[in-house]
Amino acid sequence: AALCAERKITVRRAGAGGRVRLDQGLLRRVLMNLVSNAIQAMPEGGELTGEARAEGQKLVLEVRDTGVGISEEARARLFEPYFTTRSTGTGLGLAISKRVVEELGGEIALVPNAPGPGTTARIVLPLEA
């Protein structure tokens with residue numbers, strides 16, 4: 001929260017989810033990676049939204065930013081190990097995040113916001129029966 005305030009990023013939280021069976025620490029790491037990426041995509045400030053909602057038998061978690069967005073070329077390679085669009089970092093964050101989400105029985109995608117600037121990171125996980 002302090003980093004967002006310092007960078008003039010408004011944080012919004014929305015929704016309610018459901019119960020999923022998973023390692024909270026692993027999911028927390030994935031979400032922290034997505035939030036970190038979103039913050040870095042908004043060097044001039046913006047809006048960061050985290051949302052959770054149930055859709056049928058799935059839990060949908062979204063992290064939306066109003067940042068610079070991702071080119072189509074970069075989007076095709078985002079989950080490849082060691083691929084990065086930045087001058088710092090290892091390029092492993094999204095590759096690891098994808099592996100973790102898939103091990104939890106879910107899916108992860110990064111899509112452009114429409115309409116508007118930025119990107120939405122979407123995680124879909126099965127709800128606990």
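Within the set Phe83, Phe79, the sole residue that is of a type in the set (Phe, Trp, Tyr), surrounded by 13 or more Cβ atoms within 10 Å (Cβ to Cβ), at negative phi and touching a strand residue (DSSP E or B) at 6+ places or on another chain (Cβ under 9 Å) turns out to be Phe79.
Glu107 meets each of the listed conditions (1) of a type outside the set (Val, Ile, Thr); (2) closer than 13 Å to Leu125 by Cα; (3) out of contact with any helix residue (DSSP H, G or I) (no Cβ under 7 Å at 6 or more places or on another chain) apart from (3). Taking every residue in the stretch 26-40 that is surrounded by fewer than 18 Cβ atoms within 10 Å (Cβ to Cβ) and pairing it with any residue that is part of a helix (DSSP H, G or I) and among the small types (Gly, Ala, Ser), at least 6 positions away or on another chain, the pairs with Cβ-Cβ distances below 8 Å are Arg29/Ser97; Ser36/Gly93. With respect to (1) within 16 Å of the chain's Cα centre (by Cα); (2) open to solvent by 60 Å² or more (accessible area, probe 1.4 Å); (3) over 27 Å from Glu128 (Cα atoms), the lone exception for Thr90 is condition (1). Is one or more of the residues making up the stretch 36-52 more than 19 Å from Cys4 (Cβ to Cβ) and small (Gly, Ala, Ser)? Scanning the stretch 36-52, I find no residue that is more than 19 Å from Cys4 (Cβ to Cβ) and small (Gly, Ala, Ser), so the answer is no.
Of all residues in the stretch 77-105, those that are of a type in the set (Gly, Ala, Ser) have Cβ atoms under 7 Å from Cβ atoms of residues that are at pLDDT below 90 and open to solvent by 90 Å² or more (accessible area, probe 1.4 Å), 6 or more apart or on another chain, in Gly91/Tyr82. Filtering the stretch 1-19 to residues that are touching a residue at least 12 places away in the same chain (Cβ under 8 Å), open to solvent by 40 Å² or more (accessible area, probe 1.4 Å) and of a type in the set (A, V, I, L, M) leaves Leu3, Val11, Ala14, Ala16. Consider the stretch 43-54 and keep the residues that are without any contact (Cβ under 8 Å) to a residue 60 or more places away in the chain and over 14 Å from the mean Cα position of the chain (by Cα). The one that is most open to solvent (accessible area, probe 1.4 Å) is Glu44.
Residues of the stretch 59-70 that are crowded, with 17+ Cβ neighbours inside 10 Å and of a type outside the set (Gly, Ala, Ser): Leu59, Val60, Leu61, Glu62, Val63, Arg64, Asp65, Thr66, Ile70. With the requirement that a residue be within 14 Å of Phe79 (Cβ to Cβ) and either crowded, with 19+ Cβ neighbours inside 10 Å or hydrophobic (A, V, I, L, M, F, W, C) (or both), what does the stretch 96-116 give you? Listed by number, the residues that qualify are Ile96, Ser97, Lys98, Val100, Val101, Gly106, Ile108, Ala109, Leu110, Val111.
The values are calculated or read from the model by the stated rules, or taken from the named source; none is laboratory data. Everything numeric in this text was worked out from a predicted model, so none of it was measured. Note that we place each Cβ from the backbone using ideal geometry, even for glycine, and neighbour counts take in every protein chain shown. The accessibility values were calculated without ligands, DNA or RNA, using every heavy atom of the protein model including side chains. Shrake-Rupley method; radii C 1.70, N 1.55, O 1.52, S 1.80 Å.
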